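Here, each number is a calculation from the coordinates, and none is a lab measurement. Because the structure is a prediction, the values reported are computed rather than measured. Quick reminder, even Gly has a Cβ in these numbers, built from the backbone with ideal geometry, and neighbours come from all protein chains shown.
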Amino acid sequence: MSEKTPKLRTALDGIPTYKPGRPAATGGRVAYKLSSNENPYPPLPGVMESAVAAAGSFNRYPDMACAGLMAELAERFSVPVEHLATGTGSVGVAQQLIQATAGPGDEVIYPWRSFEAYPIITQISGAASVKVPLTPGEGHDLEAMLAAVTDRTRLIFVCNPNNPTGTVVRRAELESFLDRVPGDVLVVLDEAYREFIRDEEVPDGIEIYRDRPNVCVLRTFSKAYGLAGLRIGFAVAHEPVAAALRKTAVPFGVSQLAQDAAVASLRSEEALLERVEALVAERTRVFDGLVGQGWTVPESQANFVWLRLGERTTDFAAACERAGVVVRPFPGEGVRVTIGEQPAMDLFLRAAEEFRKEL
Ligand SMILES: *Cc1c(COP(=O)(O)O)cnc(C)c1O
C-alpha cells in the first residue's frame, strides 16, 4: 500500500467541529433535551399527512426548483419568487452565501459569541473570520463591526436574535449600520428565531431587505415550525444574490418530504402562532424565575435563555443533567438553555435555584 494519503486543503486544518446539543440521557430517569433550541411540540397539523403522502414517491428525485414551496413563500411574505432560494436548513443556505461571496484572501465578519456554524463555514471557504466581541450587555457591537470592515470584507452576519445570548438588534441601530456598510458587502440578517420576537423595536428583515440590494434574510423551518429534522431553510435576497444561491445549491438537496412539510406548516399558521405564544409565555416564566433567584439574564427574544457562568459553566451543566435536563454549555463562557415543555423548565428552575444557593 502507498505511504501517501490524499492531499487535503490546508484551509481545513483546525476547523472546529460543530457540536450538536447532547441528547437527553435515557436509562429510566426523566430527561429532557434543552440543548439544541428544538421545538418541543410535534409537527404542525397536516405535516404528518403530507409526509406519509411524500413517502410514496421516495423513488423519485424532488422538485429541484422547490416550485410549490417558492410560490407559497412568495405569497406569504409578499416577495417575488426570483428573490427566494431554499437550502438544506438555513445553515446550508448560509454556507451557499459564503461560497458565493468569499474565498482565500477575503474576510467574513460576525459577532462573537454567536452561532457556532459561522466560523466553520467561513473557514471551509478559505476566507478569514473576523470575530467582533459582543458588548457587555451580550449584544452585537455594530460600531465595532463597522470599524472592522476592510477592502477584503465580503460578508457580514447579523444574528437577530443572537444565538446563544438571545439579544436583539433594534431598527434604528440596524438601519444606521446598514446605511454605512459599503454597498458591495453582503449583510446577512440571520433570523432563525424571528417568530419568537415580541420586542416591537426589532425590525422584520424582510421589510429591511426590500430597498437594500446588499441585504439577505435567512429564515428556517427548524425552530418555530418544528421541522429541524427535515433540513429546510430559505433566503430572501435581490438578484443577483438569489441567483448565486441557486448556483451554489447542492442539486436536489432539499427533499420532497421537506418541501411538502414546509408548505403544510405554512398553511397551519394559526396552530403555529399558538405554540409560539405558549413558548414565549414559558420564556417569560423562566426569565422571571431566574431573575427572582438573583441571576443576571439578558432579556431573550428567542426560544432559549443565556446564563454567563464563566468558570462555573460545566459544573452548572452537570448539575442540570443530574436534575434531568440536558443544557448546552460553552465551557468557560456560559450555558444556553432551550425553552421546552413546562415540566422540563420546572426541573431546570429548581436546579438553577439549588446551584445558586451553593455559590
Ligand atoms: C438554529 C439556527 C439556524 C438554523 O439552522 P437550520 O440549518 O435551519 O436548522 C440558523 N441560524 C441560527 C443563528 C440558528 O441558531
- Note, Asp151: beta-carbon cut-off 13 Å, +1 each Lys/Arg, -1 each Asp/Glu, net -1
- Could you check what % of the DSSP bridge pairs in the range 162-240 are antiparallel, to the nearest 5? 55 percent
- Can you give me the relative contact order of the range 190-243 as a percent, contacts being Cα pairs under 8 Å and 6 or more apart? 34 percent
- Item | Overall form of the chain per C-alpha gyration tensor (a/c, 1.5; a/b vs b/c) | rounded
- the chain: most fluctuating residue of Lys33, Lys131, Lys247 per GNM, C-alpha cutoff 10 Å: Lys247
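Among the DSSP beta bridges whose two residues both lie in the chain, what percent are antiparallel, rounded to the nearest 5?
Bridges in the chain that DSSP calls antiparallel: roughly 45 percent.
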- Message: Assuming 0.36 nm per residue, please report the length gained on full extension of the stretch Ala278 to Tyr61 beyond their Cα-Cα distance.
- Response: 74.4 nm
- Query: What are the extents of the Cα atoms of the range 67-122 along their three principal axes, listed from largest to smallest and rounded to whole Å?
  - Reply: 37, 23, 18
- If the chain between Leu12 and Ala71 were fully stretched, how many nm would it gain, using 0.36 nm times the residue separation less the Cα-Cα distance? 17.4 nm
- Message: Among Glu341, Glu107, Glu274, which one shows the highest mean-square fluctuation when the chain is modelled as a Gaussian network with alpha-carbon springs under 10 Å?
- Response: Glu274
- Task: Please find the FRET efficiency linking Arg180 to Glu341, where r is the Cβ-Cβ separation and R0 is fixed at 45 Å, and quote it to the nearest 0.05.
- Result: 0.55
- Item | Asp315 paired with Asp199, simple spin-label distance in nm, labels 7 Å along Cα-to-beta-carbon | 3.1 nm
- Classify the range 261-359: rounded, prolate or oblate, from the alpha-carbon gyration tensor (a ≥ b ≥ c, eigenvalue square roots; a/c under 1.5 rounded; otherwise prolate if a/b is larger than b/c)? prolate
- Query: Quick one: putting +1 on the C-beta of Lys and Arg, -1 on the C-beta of Asp and Glu, what dipole do you get for the range 2-93 around its Cα centre, in Debye to the nearest 20?
  - Reply: 580 debye
- Contour minus Cα-Cα distance for Arg152 and Glu269 (0.36 nm per residue): 37.9 nm
- Message: Please state the shape class of the range 132-242: rounded when a/c is under 1.5, otherwise prolate if a/b exceeds b/c and oblate if not, all from the C-alpha gyration tensor.
- Response: oblate
- Percent antiparallel among DSSP beta bridges confined to the range 88-237, nearest 5, equals 20 percent
- Take every Cα pair under 8 Å in the range 37-142 that's 6+ residues apart, average their separations, divide by the length, and report that relative contact order as a whole percent. 17 percent
- Message: Can you give me the C-alpha center-to-center distance between the range 287-359 and the range 163-196, rounded to a whole angstrom?
- Response: 27 Å
